[in-house]
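Right, one structure below, let's go through it.
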Amino acid sequence: MSTIKDTILSFEGLENIPDAFIGRVLVLRGLKGDDEYTADKDTQVCLAAADCYADMVNTTDWTENKLSQTYSRTSFRRTARELYAKYGEPEKAEALSLTSPKGKCKERW
């Protein structure tokens with residue numbers, strides 16, 4: 001069997017989530033990452049994954065030299081909404097929004 005933390009990390013797109021994000025979510029949900037994942041914990045684990053997706057919606061993309069990391073915010077938001085609605089927290093699904101500002105450069109180099 002796998003642990004709760006491993007189960008959350010197995011969700012599509014959450015494999016590289018920062019430990020600080022997942023640690024915070026586990027504490028807020030009253031879960032211990034090292035505990036064994038069982039079916040009776042499925043609802044809380046799925047809601048914890050939804051919280052992780054919600055946190056990742058506003059994560060900053062970055063580029064350094066030829067290495068870059070971008071996130072699919074629409075996919076994260078959609079998946080979080082689906083998990084919240086399915087597992088009993090539809091009010092969170094409605095409140096989830098994208099807050100990352102998008103800018104445009106008005107001047108050319």
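The values are calculated or read from the model by the stated rules, or taken from the named source; none is laboratory data. Quantities reported herein were computed from a predicted structural model and do not represent experimental measurements. Counting neighbours? That spans all protein chains shown, and the Cβs are built from the backbone with ideal geometry, glycine included. Ligands, DNA and RNA are excluded from the accessible area calculation, which covers all protein heavy atoms including side chains. Shrake-Rupley method; radii C 1.70, N 1.55, O 1.52, S 1.80 Å.
Structure summary
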| item | result |
| --- | --- |
| Difference of contour (0.36 nm per residue) and Cα-Cα distance, Lys66 to Glu36 | 6.9 nm |
| Where the chain is the region considered: accessible area per residue in Å², 1.4 Å probe | 70 |
| Lysine pairs with alpha-carbon atoms under 26 Å apart, the chain, spacing 8 or more or separate chains | 13 |
| Spatial extent of the chain: Rg and Dmax, with the Cα atoms as the point set, Å | 15.8, 58 |
| Residues with amide H under 5 Å from that of Thr3, placed H, sequence gap 5 or more | Tyr37 |
| Label-point gap, in nm, between Thr43 and Thr74 - each point 7 angstrom along Cα→Cβ | 3.3 |
| The chain: relative contact order in percent, alpha carbon pairs under 8 Å with at least 6 residues between | 23 |
| Protein accessible area in the stretch 21-97, 1.4 Å probe - carbon and sulfur % | 49 |
| Gain in span if fully extended, Glu82 to Thr3, counting 0.36 nm per residue against the direct Cα distance | 26.1 nm |
| Theoretical ellipticity at 222 nm over the chain - DSSP helices of four or more residues, -39500 (n - 2.57) apiece, nearest 500 | -14000 deg cm²/dmol |
